[in-house]
1. Have a look at 42, 16, 66 and tell me which one the Gaussian network model of the chain (Cα, springs below 10 Å) gives the largest fluctuation.
2. Taking H placed 1.01 Å from N in the peptide plane, check which residues at least 5 places from residue 102 or on another chain put their amide H under 5 Å from its amide H.
3. In the chain, what percent of the accessible surface is made up of carbon and sulfur (1.4 Å probe, ligands and nucleic acids excluded)?
4. Let's see if you can work this out: charge +1 on each Lys and Arg Cβ, -1 on each Asp and Glu Cβ, no other charges. What is the dipole magnitude of the chain about its Cα centre, in debye to the nearest 20?
5. What residues qualify as long-range amide H neighbours of residue 91, i.e. H under 5 Å apart, gap of 5 or more or another chain, H built at 1.01 Å from N?
6. Within the range 36-74, list the trypsin sites (Lys or Arg not before Pro) lying in a DSSP loop whose Cβ has at most 13 other Cβ atoms in a 10 Å radius.
7. If you count the DSSP beta bridges with both ends in the chain, what percent of them are antiparallel, to the nearest 5?
8. Once you've got the GNM for the chain with C-alpha springs shorter than 10 Å, pick whichever of 55, 106, 40 has the biggest mean-square fluctuation.
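The values are calculated or read from the model by the stated rules, or taken from the named source; none is laboratory data. Predicted model, so just to flag it, every value in this text is computed and none were measured. Please note: Cβ atoms are built from the backbone with ideal geometry, for glycine as well, and neighbour counts cover all protein chains shown. Heads up: the accessible areas ignore ligands, DNA and RNA and are worked out on the full protein's heavy atoms, side chains in. Shrake-Rupley method; radii C 1.70, N 1.55, O 1.52, S 1.80 Å.
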Amino acid sequence: QVQLVESGGGLVQAGGSLRLSCAASGRTFSTYAMGWFRQGPGKAREFVAAIRWSGGNRYYADSVKGRFTISRDNAKNTVYLQMNSLKPEDTAVYYCAADPTDNGLGYDRYAYWGQGTQVTVSS
């Protein structure tokens with residue numbers, strides 16, 4: 001099995017930046033795509049970004065494109081989400097997830113989820 005632990009969340013003012021990290025353990029030799037999702041207050045969980053094992057394919061929701069960057073360091077079994085120009089509407093619990101099919105774009109393909117880390121952006 002795979003365990004995922006997010007870190008790096010916190011409170012920032014609008015326009016600020018945060019970098020989230022997701023450390024994976026377990027069957028990390030597998031070529032999993034990794035994704036970030038978020039769930040704001042009273043909202044459904046939504047896709048934020050994804051990256052395939054090679055790092056050569058990255059995908060972003062339109063709402064974060066140009067502001068967020070997903071990356072990974074397979075040697076460290078870690079995926080990152082650099083969040084710049086944060087807005088109050090980015091406030092949410094952010095979750096990382098692993099897709100064993102190395103696709104990254106199908107919600108049902110994500111088999112493993114972290115507990116989440118809170119990001120709060122004040123206005």
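1. In this elastic network of the chain, the residue with the biggest mean-square fluctuation among 42, 16, 66 is 42.
2. Excluding prolines and chain starts, which carry no amide H, the hits are 33.
3. 46 percent
4. Dipole of the chain, to the nearest 20 debye: 140 debye.
5. 121
6. 43, 65
7. 90 percent
8. 106
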